[in-house]
Amino acid sequence: MSASFSIIDFRELDSVLWNQYVADHPLGSVFHTTGMLKSFMLTPKYEVFAKAQVDAKGQIVALLASTRIETVSGLASNLASRAVMFAEPICNDDQCGWEAQRQLIALHDEQMQRRTLFSEIRPMHGLSCDAFRIHSLNYEHVDFLNYVIDLKKPLEDIWENIGKQTRASIRRSMRRGVMVEVGTSETAIRRAYPFIQDSYRRSKVPLVDIKLFLNAAKLLPPGTLQVRLATMQGKDLAGTIGLCYGPRYFAWYGGTSRPPGLQPFACLVWDEIQQSHQQGLAIYDFGGAGRPEEEYGPRVFKSRFHGQLVNHGRFRRVFSRGKLALAERGYKSLSLLFTKPIHRGC
């Protein structure tokens, strides 16, 4: 690549320029935006690596957003840390952009290989020619499932496509008094977070600090972060936190109690789908459904909405398989982190 190109940290670039590039790119996502990156920066045990390649005219030709996540602190942190790109790197669709993307990934891996066990890219879109270029940088593609719903269809068709028992459960729950509240306040986040904690505790997977959500509510554009609570007679039953960006609603985190005869979580998901449809969004993204060879309870729940099952997979580069084996023996939860989604549990 010509010397007229330079790699610049996102904090040193004009945020308007950065966010406009993300908004204009067909693969741009909320996880690339400066608001989300700053939210990650302010979260305990999260460290951001986000850089762009910029040409001589100051225009971005490629950018990458990654987060180093610690499971434990101290001397053992390198044996329990991973680097995660919650969306694929993006670049101009030409030779210059592809080379810029390659250089960004190479720089990222050079800096992360001494401080993390592995790097993982979580594509939000289908496989493209980027897959070959990423694979050529020693990233291994592994299968990973997800469900998405096409919101361009009539809402009545989407409802009728949901499993009969799930539709009946939603109607019964609403008839018995389950109500859905939507908000973005700190209070709403603090009400939803305990349900998310319980969900992750049942799955034995560490959960991100609540500060991520509190900061995202302040730093993301209004309406991006949405909190929903299912309530009945003044008592909270379930909560979700989702992200609305571009044409996509992303089901980020959530959790629920299990009251007999009620399905408060299903009510929340249906409300998310309804509101996303009314807002003119194109895609409802369930946020992950696990590896196909593993039993995964949330996948069963998500399948009942009969969205399209997709396998965008993930790309992983393990920096030291010896250290990974050592870490898995020393930290039983690490194998769960390596195989289970960090997104919403049900």
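The values are calculated or read from the model by the stated rules, or taken from the named source; none is laboratory data. All values derive from a computational prediction rather than experimental measurement. For neighbour counting, all protein chains shown are included, and Cβ atoms are generated from backbone atoms with ideal geometry for every residue, glycine included.
Below, the figures for the structure above:
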{"quantity": "Hits in the range 185-238 - residues which are within 20 Å of the chain's Cα centre (by Cα) and of a type in the set (Val, Ile, Thr)", "calculated": "ILE189, ILE196, VAL205, VAL208, ILE210, THR224, VAL227"}
{"quantity": "Among the residues listed as ALA52, ALA65, the single one being touching a strand residue (DSSP E or B) at 6+ places or on another chain (Cβ under 7 Å) and within 19 Å of ARG115 (Cβ to Cβ)", "calculated": "ALA65"}
{"quantity": "Wholly within the range 95-203, strands (runs of 3 or more DSSP E) carrying at least 3 residues that are under 28 Å from LEU237 (Cα atoms)", "calculated": "146-150, 179-183"}
{"quantity": "Residue check for GLY177: at positive phi and modelled with pLDDT of 95 or more", "calculated": "yes"}
{"quantity": "Search result, residues across the range 213-245 that are assigned to a loop (DSSP other than H, G, I, E, B), in contact (Cβ under 8 Å) with a residue 60 or more places away in the chain and over 24 Å from PRO298 (Cβ atoms)", "calculated": "LEU220, PRO221"}
